[in-house]
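Have a look at the structure below before the remarks.
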Amino acid sequence: VQLQASGGGLVQAGGSLRLSCAASGRTFSSVGMGWFRQAPGKEREFVAYISWSGGSTYYADSVKGRFTISRDNAKNSVYLQMNSLKPEDTAVYYCARRIYYSGSYYLREEYDYWGQGTLVTVSS
């Protein structure tokens, strides 16, 4: 399994970006997917999660109402639409495949494969 994240870049505060994550492997459509981010000097934190069917989505409080996670199983891809970006959204964003289902989708330990990360920089 390989995950390839893309779409990061430099944007002004209030702007938008759309991140993409392309996955290889046959199991993509049967697993949940998450986005995490890691800012300089901070731990990696949960951003958003989508169930295998796309029927359930969850967000960190800090991005709720501004970010939208979606997926296209036919294209083995998951997306993160980020609107109204703030300087504090600056981080490397990672997509990840959830393999464990203890109920805590926001925990990094629930995920096994991670993309290489894509840098999002929001200027003030």
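Quick notes on this structure:
- Hits in the stretch 103-114 (condition: open to solvent by 40 Å² or more (accessible area, probe 1.4 Å) and not in a strand (DSSP E or B)): G103, Y105, Y106, L107, R108, E109
- Residue-level check: of (1) more than 20 Å from G9 (Cβ to Cβ); (2) modelled with pLDDT under 95; (3) touching a Cys at 6+ places or on another chain (Cβ under 8 Å), G115 misses just (1).
- Candidates Y58, Y100 - the one that is aromatic (F, W, Y), modelled with pLDDT under 95, open to solvent by 40 Å² or more (accessible area, probe 1.4 Å) and farther than 13 Å from S6 by Cα: Y100
A quick yes/no check of all residues on (1) of a type in the set (S, T, N, Q); (2) open to solvent by 30 Å² or more (accessible area, probe 1.4 Å); (3) assigned to a loop (DSSP other than H, G, I, E, B):
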site: V63; (1), (2), (3): no, no, yes
site: L80; (1), (2), (3): no, no, no
site: Y94; (1), (2), (3): no, yes, no
site: Q116; (1), (2), (3): yes, yes, yes
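- Test: residue in the stretch 53-74 that is polar (S, T, N, Q) and closer than 17 Å to L119 by Cα: no
- Considered as a group, the residues in the stretch 1-51 that are in contact (Cβ under 8 Å) with a residue 24 or more places away in the chain and among the hydroxyl-bearing types (S, T, Y) include one that is least open to solvent (accessible area, probe 1.4 Å), and that residue is Y49.
- The single residue among S29, S70 that is out of contact with any Pro (no Cβ under 9 Å at 6 or more places or on another chain), under 24 Å from V1 (Cα atoms) and either of a type in the set (D, E, K, R) or part of a strand (DSSP E or B) (or both) turns out to be S70.
The values are calculated or read from the model by the stated rules, or taken from the named source; none is laboratory data. Only a predicted model underlies this, so the values are computations on that prediction, with no experimental measurement involved. All Cβ positions, glycine included, derive from the backbone under ideal geometry; neighbour counts span all protein chains shown. Ligands, DNA and RNA are stripped out before the accessible areas are found, and what is left, the full protein with its side chains, is counted by its heavy atoms. Shrake-Rupley method; radii C 1.70, N 1.55, O 1.52, S 1.80 Å.
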